[in-house]
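Take a look at the structure set out below.
The values are calculated or read from the model by the stated rules, or taken from the named source; none is laboratory data. In this text the structure is predicted, and so the values were computed from the model without any measurement. Positions of Cβ are backbone-derived with ideal geometry, glycine not excepted, and every protein chain shown enters the neighbour counts.
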Amino acid sequence: MLALPNQTPGLIQQYGLTQAQVDFEVWAVNLVGDKFAGAAAANRVLAELSGLWPALAALYALPPVRWIEDCLYRWVAENRARLSGFWGATPECEVKGVECE
């Protein structure tokens, strides 16, 4: 698995996404080119990890769990600027040595 910021030069064009799409939510693309957005993308990443994470990701297939996760994801996405300040996170493009568009 490879995680890259959407500001990586040429990345969004390579996968046929738009800036508006990647600004709105997180995306995951698997090896065959299937695209996953929002909570589905987060669960796709969890499915690739070891331990109990794949079992947790499998719960996303259940409609009530999917609805809850989608709502929670949307709330976090809409409040990410405020939440990143709470966690003390540094945006990827502000890290020294990272090339971004």
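Before moving on, here are some points about what is shown:
- Residue-level check: of (1) under 23 Å from residue 100 (Cβ atoms); (2) in contact with a Pro (Cβ under 9 Å, 6 or more places away or on another chain); (3) of a type in the set (D, E, K, R), residue 48 misses just (1).
- Enumeration of residues in the stretch 12-46 that are buried (at least 17 other Cβ atoms within 10 Å of the Cβ), assigned to a helix (DSSP H, G or I) and not charged (D, E, K, R): 12, 22, 39, 40, 41, 42, 43, 46
- Residue count for the stretch 73-101 under the criterion of being part of a helix (DSSP H, G or I) and at pLDDT below 70: the result is 4.
- Residue within the stretch 89-96 that is surrounded by 14 or more Cβ atoms within 10 Å (Cβ to Cβ) and basic (Lys, Arg) present: no
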